[in-house]
Amino acid sequence: MKTVFVKDVNKLTSGESITLMGWAQEIRVMKNIGFIILRDSSGLIQATFRKENKHFADLTNITRESVVSITGKIPEKVMSKLGMEIVVDSMEILNRAEVPLPVGIVDEVEVDFDTRFNNRFMDLRKPEHHRIFIIKSALLWGIRNYLMNKGFTEVQTPKTVSAATEGGAELFGVKYFEKDIFLNQSPQLYKEMLIASGIEKVFEVGPAFRAEEHNTPRHLNEFTSIDIEMAFSNHEDAMKMLEESIAAGVENFLNNVPEAKEVSLVKEKPVTPFPRITYSECVKILKQEGVDQKDGEDLNNEGLKIIGKRFENFYFIINWPTTVRPFYTATLDDNKNFTKSYDLQFKEIELTSGAQRVHNPDELKSRIEEKGLNSDNFEFYLRTFRYGMPPHAGWGLGLERLTQVILGLNNIREASLFPRDRTRVFP
Ligand code: ATP
Ligand code: AMO
């Protein structure tokens, strides 16, 4: 197993013999000296070959991006501009890369989107692309850790299902032996059913599938949903859990990923609580601004841009109208036209939807039917409300959206290793 990473070399003393393994990013041979710029997942180092070295001649045969193992010593005086150097004693070529490369790693030439994503394994060798996933991982780890510390249990629910949750239109149908079923849009019904099972606080990190018809810069057909559900809680409790989870995730990547501060738009742990604005206040502002915004309708992109300008980054839009929220959303105690719901926004982009849920089975059944859905299809879910279902609340947070907005990526696909969209199910 590889034991020394490039980033560790600075901690070693000169004269020490080490073996480094990685990719030959650049090869340069001059009359009396030659170099390989060796890259591994942690950084770049210059490997220097003196003419008398038996591998000096090999340098003319190595192709860019070949995988090599290099043993050598850290020199007394580092000459490399990279600030990291190893003077080579021996080298083994572990695997030779073919030429030409499908996409370059260091070349400045603009590569079109399709070429990049058709060759994603190479595209990810670029440190700036690789770093997105290190940050995404640290962000998720911070959120997970926060939820674990708050007593949540991580669960896994089925992705092959027989009922829609978030409305019928965006569903992928799947042939399942002799039945027609769907890929799950959200673990919504299952996380609520687990509340009835008495686990009380659950979270899931898993794929969610949406048959989005149009290619947009912020929609994927398969994304990672971070979902929570908590018993004996209301929407306010769930919002607090959300803002604290996000603050913990951001804090974790800022503290643990080198150069994260330079590339992140959010440079400090976000201050909580996040500001809140009601849907009705938004409508009032938009009407004043001359936007064609109707009461009771979703806020469109133009409107969200205007509202987003009023906040530095994260904020909640709360109390959405009942007409635009799913059947499981609880209504306000004093006004059935509005809900105990919220979206978390970052500027104009929605990151999370959440709410307190309906926990009365009769009300839930009517709400399903009011949305034009067949309540018989939801019997497996409804029955769990008839034998002791606590009041509960939760949210669903899109991990790629969160990564996208925090890093200011102009396309959500940059935050997905192998994105799925209307035209792409490859590689
Ligand atoms: P929802 O929760 O409403 O099902 P969502 O979680 O995917 O959708 P968004 O899609 O960001 O959240 O919703 C915000 C706004 O984006 C919507 O009000 C709508 O105007 C717009 N929008 C949603 N889906 C699409 C799409 N496929 N193409 C273009 N615009 C869209
Ligand atoms: P919603 O449908 O709003 O809510 O989805 C929750 C969050 O998931 C992300 N998201 C997406 N990300 C990328 N591509 C998509 N096509 C896509 N669709 C959604 C967004 C969004 O805010 N059951 C509820 C959650 C709940 O109430 O607990 C739900 O799924 O970041």
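What follows draws every value from the coordinates through simple rules; no lab data is involved. This structure is a prediction, so every number in the text was calculated from the model and none was measured. Because the Cβ atoms are built from the backbone with ideal geometry, glycine has one as well, and the counts that use them run over all protein chains shown.
Which ordering of V358, V106 is given by a fewest-first count of other beta-carbon atoms within 10 Å?
The fewest-first ordering by Cβ neighbours comes to V106, V358.
Could you work out the relative contact order of the stretch 48-118, using alpha carbon pairs under 8 angstrom and six or more residues apart, expressed as a whole percent?
33
What shape does the stretch 6-95 take by its C-alpha gyration tensor, where a ≥ b ≥ c are the square roots of the eigenvalues and a/c under 1.5 counts as rounded, a/b above b/c as prolate, and the rest as oblate?
Cα axes put the stretch 6-95 in the oblate bin.
So what's the back-of-envelope 222 nm ellipticity for the chain, counting only DSSP H runs of four-plus at -39500 (n - 2.57) apiece and dividing by all residues, rounded to 500?
Dividing the helical sum by the residues of the chain leaves -7500 deg cm²/dmol.
So for the chain, averaging the separation of alpha carbon pairs under 8 Å that are six or more residues apart and normalising by length, what relative contact order in percent results?
Over the chain, the number comes to 13 percent.
Setting aside same-chain residues fewer than 8 positions from K7, which lysines have a Cα under 16 Å from its Cα?
K73, K81
Just list whichever of K150/K267; K31/K51; K284/K309 have alpha carbons separated by over 18 Å in the model shown.
K150/K267
Can you list the lysines whose alpha carbon sits under 18 Å from that of K269, skipping same-chain ones fewer than 8 residues off?
Those lysines meeting the cut-off are K136, K240, K261, K347.
Mind sorting T322, T423 by how few other Cβ atoms lie within 10 Å of their own Cβ, fewest first?
Going from least to most buried by this count: T423, T322.
Once phi is turned into θ = phi - 60°, what whole-Hz ³J(HN,Hα) does the Karplus curve with 6.51, -1.76 and 1.60 give for every residue of the stretch 314-326, x standing for Gly and Pro?
7, 7, 9, 9, 10, 6, 6, x, 4, 4, 9, 10, x
Using a 10 angstrom cutoff on alpha carbons, build the Gaussian network for the chain and name the most mobile of S353, S225, S197.
Answer for the Gaussian network model of the chain: S197.
Take M30, M148 and order them by how many other Cβ atoms sit within 10 Å, fewest up front.
M30, M148
For the stretch 321-375, run through the trypsin sites (Lys or Arg not before Pro) and keep only the ones in DSSP coil with at most 15 other Cβ atoms within 10 Å of their Cβ.
Taking the stretch 321-375 and a limit of 15 other Cβ atoms within 10 Å, the loop trypsin sites (Lys or Arg not before Pro) found are K371.
Report the chymotrypsin sites (Phe, Trp or Tyr not before Pro) located in the stretch 218-267 that are in a DSSP loop and have at most 16 other Cβ atoms inside 10 Å of their Cβ, or state none.
Hits after loop and neighbour filter: F232.
List the aspartates and glutamates whose Cα sits under 13 Å from the Cα of K336, skipping any in the same chain fewer than 8 residues away.
E363
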